[in-house]
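Peer 1: The structure under discussion is supplied below as structure tokens; questions concerning it will follow.
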Amino acid sequence: MTRAGTTEQRAVMRARIILRAAEGAAHVQIADELGVSVPTVLLWRRRFKEQGLAGLGDAPHPGRPRTYGREVRDRVLAATLTPPDDATTNWSRQRLARRLGVSASTVGRIWKEGRLQPHRVETFKFSRDPELVAKVADVVGLYLAPPERAIVLSVDEKTQIQALDRTAPMLPMKPGQVERHTHDYKRNGTLSLFAALEVATGQVTEQTRERHTGDDFLAFLRLLARTYPRSEVHVVLDNVSTHKTPDVRAWLARHPRFTFTSPRPARPG
């Protein structure tokens, strides 16, 4: 529970109390180390002793019981999964509540229990590349089982990064006064960022350029050649289009230890 990245912080704190108690730490020592009170330490030790791991969860909260039953819940869920009959794109709590004759808070609770979020939309796209399966297999193979004594780099670019600056210097934080800066800013043009992530170590090699051309990508390749002077290098590209220029192809021909792999289909032209 303490190592899992998805565990709620309050559950992590309770688990740490139990672990330190199991190591023989005193109540006061545990409270000081974890920044809690001694009664809190005693509470979770007692709950764990009586109920085990289940005791570290939240107890039922006091309050009025639910005013709706299974039938109302099923109606709300069924209506939520049905598109609205007007021109709107999705249900809101108030609109669905008026439609079904329940309160908006009831709709919100049922949505939360059912993990429904009608306001959120995600997109997807099917690839028409007939070689997609082979390309994806190559990329996944490089990530999972890279060749021996070879470097695997995941390369991507970010173009049109705005170089912004405030119109006046920032005023630093002082006792009783927060950090301050001007509301408006000035534009200093745009930059393009090239970055290569070494899959095995997480090391990132990056370079910023004023433009986004084949010459700029070639300059970044030269930087990678200097960074990895004697290794076989497999470069996994996302959607970089500047690697198809004649100069880049000529550079690759002179440096056979560099190999490009991309899951994206080649663009026309």
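Peer 1: Could you tell me which residue of the range 3-41 is modelled with the highest pLDDT, considering only residues that are hydroxyl-bearing (Ser, Thr, Tyr) and not in a helix (DSSP H, G or I)?
Peer 2: Filtering the range 3-41 for residues that are hydroxyl-bearing (Ser, Thr, Tyr) and not in a helix (DSSP H, G or I), the one modelled with the highest pLDDT comes out as Ser37.
Peer 1: Additional query: In the range 102-146, which residue that is modelled with pLDDT under 90, closer than 30 Å to Asp74 by Cα and hydrophobic (A, V, I, L, M, F, W, C) is surrounded by the most Cβ atoms within 10 Å (Cβ to Cβ)?
Peer 2: Taking the candidates together, the pick is Val121.
Peer 1: What about Arg211, is it assigned by TED's automatic domain parsing to the domain that holds Val139, exposed (fewer than 13 other Cβ atoms within 10 Å of the Cβ) and more than 26 Å from the chain's Cα centre (by Cα)?
Peer 2: Against the criterion (assigned by TED's automatic domain parsing to the domain that holds Val139, exposed (fewer than 13 other Cβ atoms within 10 Å of the Cβ) and more than 26 Å from the chain's Cα centre (by Cα)), Arg211 qualifies.
Peer 1: Looking at the range 161-171, is at least one residue under 23 Å from the mean Cα position of the chain (by Cα) and under 30 Å from Asp247 (Cβ atoms)?
Peer 2: Yes - at least one qualifying residue is present in the range 161-171.
Peer 1: If you check Asp74 against the conditions, is it more than 30 Å from Asp238 (Cβ to Cβ), charged (D, E, K, R), loosely packed, with under 14 Cβ neighbours inside 10 Å and modelled with pLDDT under 90?
Peer 2: no
The values are calculated or read from the model by the stated rules, or taken from the named source; none is laboratory data. Values in this document were obtained by computation on a predicted structure and should not be read as measured data. Quick reminder, even Gly has a Cβ in these numbers, built from the backbone with ideal geometry, and neighbours come from all protein chains shown.
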